[in-house]
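Enquirer: Have a look at this one before I ask anything.
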Amino acid sequence: MEPILKVENLVKRYAKRNLVGAPQDFLALDNVSFTLPAGTTLAIVGESGSGKSTLASCVACLETATAGNLWFGGLNLARATENELRTLRPQIQLIFPDPASSLNPRWTILDIVAEPLVVQGELSRSERMTRAFSLLERVGLSSEIAERPAAELSGGQRQRLAIARALTLQPKILILDEALSALDWSIQAQIANLLLELQSSLGMTFLFISHDLAMAAHLADEIAVMSRGQIVEHGPAAKILRTPASEATRQLLAAVLLLSHTPQPAAPR
C-alpha cells in the first residue's frame, strides 16, 4: 500500500545548557524512520521522554527537524518553504492531551468547529455552519448544545469537540498525541470507538501517540515502540503484544498487565 507519510532518518537536537552553563545538545530523535500507509493507524508508543511527542510535533510541522526527511504529498516537509508548509499544514491536524488548552472557553461550540474555515477563508457563513453542524453530529455531540460555551463541556465532550474541529478542513492525517490519556477509562473506550468509526467511514489515517500499549493495540494496525529517541521495535500490533522483542516493550506490557489487575473506578452515570 502506498504510504501517505514517509519518515527517513529523522533527527531532532535541542541546544541546552548544563548545570555550569556550558552548551550541551539533547538528542530527542535519533534516526527515526517509518512509513504510514493511507487509511491505517500507526501507534507510536513509549514512556515519557522517549521522543514520541517530539516526533508528533515534527510531523505536524510545529517543530523543524535537525536532519532527515519527512515526505508527504510528494513534498519533503523537512526542506519545505514556509509558503509550502502553509499550504500543507491543514492536511495534518494534531489533537493534544488536554483539548481545553486549545479551545477558547468563551466561544460557542459551533464557532470553535467553524473557526478553521474562517481562518482559511473557505465557504460562506451558511456553508460553514452546515459543515460544523454535520461534524458535531458525526462525533456524537448534539446540535442542541451548539450555542453553548465550550467551558460547559465535560472532558469527553471537549475531546469530541477537538476531533470535530480537527476534521473541519478534511485533513489527510490526524495525529493524536496522548489524546485519550486525560480521560476516565470508560470515556477512553468511547472515544477510541469513535476514532475507529471515523476511520471506517472517512478513510482516515491516524498517527496515535501514547504510553498505553493496550489502547495502541486496540486502535492500531502497527505499533512502533520508542525509547531514548529511537524506534526499538516495529511491527503488527498482535505480534508486538504476543512476542515483544525489546526491553522497552516488555516494560510497557508489564504496565498493562499490572493495570489489568488493579480495580477500576465505577464508570460515571
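The values are calculated or read from the model by the stated rules, or taken from the named source; none is laboratory data. Because the structure is predicted, anything quoted here is derived from the model rather than measured. When we count neighbours, we look across all protein chains shown, and the Cβ atoms used for this are built from the backbone with ideal geometry, even at glycine.
Enquirer: I'm checking my understanding of the structure. Among residues of the range 223-260 that are in contact with a strand residue (DSSP E or B) (Cβ under 7 Å, 6 or more places away or on another chain) and among the hydroxyl-bearing types (Ser, Thr, Tyr), which one is surrounded by the fewest Cβ atoms within 10 Å (Cβ to Cβ)?
Expert: Ser246
Enquirer: Just checking, which of Ala151, Ala164, Ala146, Ala132 is closer than 30 Å to Thr54 by Cα, crowded, with 16+ Cβ neighbours inside 10 Å and touching a residue at least 24 places away in the same chain (Cβ under 8 Å)?
Expert: Ala164
Enquirer: Those residues that are exposed (fewer than 12 other Cβ atoms within 10 Å of the Cβ) and either within 20 Å of the chain's Cα centre (by Cα) or of a type in the set (A, V, I, L, M, F, W, C) (or both), I need them from the range 75-127; list them, please.
Expert: Correct list: Arg86, Ser101, Val119.
Enquirer: Let me ask another. Name the single residue, out of those in the range 224-246 being without any contact (Cβ under 8 Å) to a residue 40 or more places away in the chain and not in a helix (DSSP H, G or I), that is nearest to Asn31 (Cα to Cα).
Expert: Ranking the candidates gives Val232 first.
Enquirer: For the subset of the range 37-69 comprising residues that are among the aliphatic types (A, V, I, L, M) and buried (at least 22 other Cβ atoms within 10 Å of the Cβ), which member is nearest to Ala248 (Cα to Cα)?
Expert: Applying the filter and picking the extreme gives Val45.
Enquirer: Just a yes or no: is a residue in the range 88-98 without any contact (Cβ under 8 Å) to a residue 60 or more places away in the chain and in contact with a helix residue (DSSP H, G or I) (Cβ under 8 Å, 6 or more places away or on another chain)?
Expert: Scanning the range 88-98, I find at least one residue that is without any contact (Cβ under 8 Å) to a residue 60 or more places away in the chain and in contact with a helix residue (DSSP H, G or I) (Cβ under 8 Å, 6 or more places away or on another chain), so the answer is yes.
Enquirer: Return the pairs, sorted by first residue and then second, in which the second residue is at pLDDT below 90 and loosely packed, with under 14 Cβ neighbours inside 10 Å, the first residue lies in the range 108-129 and is β-branched (Val, Ile, Thr), the beta carbons are less than 7 Å apart, and the residues are 6+ apart or on different chains.
Expert: Note: pairs meeting the criteria are Ile112/Asn104.
Enquirer: Please go through the range 131-158 and pick out each residue that is of a type in the set (A, V, I, L, M, F, W, C) and not in a helix (DSSP H, G or I). Spell out how you get there, then give the answer.
Expert: Residues of the range 131-158 that are of a type in the set (A, V, I, L, M, F, W, C), as a first pass: 132-133, 135-136, 139, 141, 145-146, 150-151, 153.
Val139, Leu141, Ala146, Leu153 - these are the residues of the range 131-158 that are of a type in the set (A, V, I, L, M, F, W, C) and not in a helix (DSSP H, G or I).
Enquirer: Residue check, Gln24 against (1) under 20 Å from Thr205 (Cβ atoms); (2) free of Cβ contacts under 8 Å to residues at least 60 places away in the same chain, all met but one. Which one?
Expert: Of the numbered conditions (1) under 20 Å from Thr205 (Cβ atoms); (2) free of Cβ contacts under 8 Å to residues at least 60 places away in the same chain, the odd one out for Gln24 is (1).
Enquirer: Something else: Only one of Glu178, Glu197 is farther than 21 Å from Pro3 by Cα and touching a residue at least 40 places away in the same chain (Cβ under 8 Å). Can you tell me which?
Expert: Working: Glu197 fails: touching a residue at least 40 places away in the same chain (Cβ under 8 Å).
Only one candidate passes the filter, namely Glu178.
Enquirer: If you check Arg128 against the conditions, is it under 21 Å from Ala182 (Cβ atoms), of a type in the set (Lys, Arg), assigned to a helix (DSSP H, G or I) and at pLDDT 90 or above?
Expert: Answer is no for this residue.
Enquirer: Another question, then. Taking the condition of being outside any helix (DSSP H, G or I) and out of contact with any helix residue (DSSP H, G or I) (no Cβ under 9 Å at 6 or more places or on another chain), how many residues in the range 190-223 meet it?
Expert: Within the range 190-223, the first condition is being outside any helix (DSSP H, G or I), and the residues that meet it are 203-212, 220-223.
Narrowing the set further to residues that are out of contact with any helix residue (DSSP H, G or I) (no Cβ under 9 Å at 6 or more places or on another chain) leaves 203.
The qualifying residues number 1.
Enquirer: Looking at Ala238, Ala217, which one is of a type in the set (Gly, Ala, Ser) and within 16 Å of the chain's Cα centre (by Cα)?
Expert: Going through Ala238, Ala217 in turn, just one is of a type in the set (Gly, Ala, Ser) and within 16 Å of the chain's Cα centre (by Cα): Ala217.
Enquirer: Go through the range 117-137 and report how many residues are of a type outside the set (Asp, Glu) and over 27 Å from Arg86 (Cβ atoms).
Expert: Here the count works out to 2.
Enquirer: Consider only pairs whose beta carbons are under 8 Å apart and that are at least six residues apart or on different chains; among these, list those whose first residue lies in the range 205-217 and is in contact (Cβ under 8 Å) with a residue 24 or more places away in the chain and crowded, with 22+ Cβ neighbours inside 10 Å and whose second residue is part of a strand (DSSP E or B) and aromatic (Phe, Trp, Tyr).
Expert: Ala216/Phe208
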